[in-house]
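Reading through the structure tokens given below for one structure.
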Amino acid sequence: MSSTTLQSIGSWIGHNLLYSETLESDQRLPCLTFTIANGTYGLLAPSLQFWLALGTCLVLGAIYSSILSCVMYKFIILPRKIHSQSSSSKSSKYHSTSTSLLIGFGVIMPLCVIYPYYGIHFLLIKNKVIKFLFGIASLTTAFRCSEAVFGFLPPHVDNSLWNVIVYNAFPVECKFDKVGAIKSTWANVGYYVWNFGVSCTALGLYCSFLVMSDYKLYPTEEGPKLGDVSLYNALNWHQLANNFSIAILFQIYFTTFSYAINAVTSLVGLTQIPMMLNPIFESTSLSDFWGRRWNLVVHGFLKRGVYKPVRTKYSRLAAATAAFLASGFFHEWLLSVVLYPDYDSVGEDCAPPACFRPGYGRNTLFFVWNAGLIGIEYAVSGAAIFKLLKKHLPPVIISLLVTSTALPVAHWFTNDYVRTDFFHDGQMGLPIIIRLDE
């Protein structure tokens, strides 16, 4: 097949299934107008094409991950199973062969890293939220490959090739038992569809409020580069207000999009773990926030793909630090995916927010900060003062105190997304209220 034919296929998919041109900018017109307090407003209905493009992105990611799953099962999982069955040692389950290390870290993971760049360029994807999901689909397979290499896949996943394919196919974590993937019910489908609708509406209303200030409640002074980082700015109450508003935005975003993906995977008969459990307002400690409430899919593959392998040889703090560093590194990579290939495609004259060079290193610094906080928690969490606070303060106050430990530096993580048109691209899938007479 010639390169011209391949480019034609990619262009057709990009234009007709991923709606690359349509979703490059918000072209919606109000479906309803109304007047409040001498102001005229319009309601923008969610773009069906946006959600169809996300569905297509899921399918493409599932196909690619399924191919890599076959390689993973053949060269990593099966040899491990054969070795563990022939060995009486319990530790043989966690013994990595040179072949599995070579295939995992030398073939599968590099393919996961480079696939989004080529896919985005080949399919002409321009919407930054679509790019984000394109990267996430590949990312989950990379870390799940690490789980397979070190023998820390969830129970029953390695029972069959089909289980491995299902496990890697979607950027959610499906549940398994001895028989295979646990089947969903129509009640599960209804639950996720209903909650998606509620969450999507709430997210749309919240974005309608934030978009009036371009997702920055107050102007801030800190620049976009790593060298612009300043703890002095972190204590500015304007910065704290911005950080809190965007932290809530990310929580609702992840909740909404996880409900959408869970609805799709439930519809095809799969049961999954939840992704978000209201971490900002219900966490009881830093460990509870990061380990049991915030993005549990990412927590799962970091725990099994990084934390547990390191923990077999080093301390709990070293393993937690390694997991946070890995989180920082992959978020830096994800930024490069989201912002690729803006400059290459439109030239060096393109200016923010459409084109933007991120301040690489800031994401990693944010997660290093949180690794340090976890280390402090390990050391002092048993102190009487903390037990007293947990006993007498309302749970929501405890949660906000937990959140406040990372809040001063949250912009190290969020600002690259705020400074670009990332959230504006995401608005296309939401019901948004805009003012028309400005």
Worksheet item: Can you give me the relative contact order of the chain as a percent, contacts being Cα pairs under 8 Å and 6 or more apart?
Response: 23
Fill in: Cross-link table Lys175/Lys308; Lys225/Lys308; Lys81/Lys175; Lys81/Lys178, entries beyond 23 Å C-alpha to C-alpha
Lys225/Lys308
Practice prompt. With the Cα gyration tensor of the range 150-195 in hand, give its eigenvalues times 5 under a square root as the equivalent ellipsoid semi-axes, listed largest first in whole angstrom.
Written response: 23, 12, 9
Item to complete: Would you please classify the overall shape of the chain from the alpha carbon gyration tensor, given that a ≥ b ≥ c denote the square roots of the eigenvalues, rounded means a/c under 1.5, and beyond that prolate means a/b larger than b/c while oblate covers the rest?
Response: oblate
Item to complete: Skip the ligands, DNA and RNA, and give the accessible area per residue of the range 95-136 with a 1.4 Å probe, whole Å².
Response: 42
Item to complete: Please state, rounded to one decimal and in Å, the Kirkwood hydrodynamic radius that the range 155-261 gives when every pair of distinct Cα atoms enters the mean of 1/r.
Response: 17.4
Worksheet item: Dividing the convex hull volume of the Cα atoms of the range 376-438 by its residue count, what figure in Å³ per residue is obtained?
Response: 176
Worksheet item: For Lys74, what is the net charge nearby, where nearby means another residue's Cβ is under 14 Å from its Cβ and Lys, Arg count +1, Asp, Glu -1?
Response: +1
Worksheet item: Tell me, what % of the accessible area of the range 227-300 is carbon and sulfur with a 1.4 angstrom probe?
Response: 69
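Accessible area per residue of the range 381-438 at 1.4 Å probe, in Å²? Show your work: numbers first, answer last.
Details: 2680 Å² over 58 residues.
Here the per-residue accessible area is 46 Å².
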Practice prompt. Grab the eigenvalues of the alpha-carbon gyration tensor for the range 185-235, scale each by 5, take roots, and send me the semi-axes largest first in whole angstrom.
Written response: 38, 15, 8
Worksheet item: Roughly how many Å² is the accessible area per residue of the range 161-230, as a whole number, for a 1.4 Å probe?
Response: 56
Worksheet item: So how do Leu210, Leu78 rank on accessible area, 1.4 Å probe, biggest first, that is with the largest at the start?
Response: Leu78, Leu210
Fill in: Fluctuation leader among Asp177, Asp214, Asp421 - the chain, Gaussian network, Cα springs under 10 angstrom
Asp177
Worksheet item: If Glu377, Glu221 are ordered by their accessible area, calculated over protein heavy atoms with a 1.4 Å probe, which sequence runs from highest to lowest?
Response: Glu221, Glu377
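The values are calculated or read from the model by the stated rules, or taken from the named source; none is laboratory data. Computed from a predicted structure; not experimentally measured. We place every Cβ from the backbone using ideal geometry, glycine too, and count neighbours over all the protein chains shown. Only protein heavy atoms, including side chains, enter the accessible area calculation; ligands, DNA and RNA are left aside. Shrake-Rupley method; radii C 1.70, N 1.55, O 1.52, S 1.80 Å.
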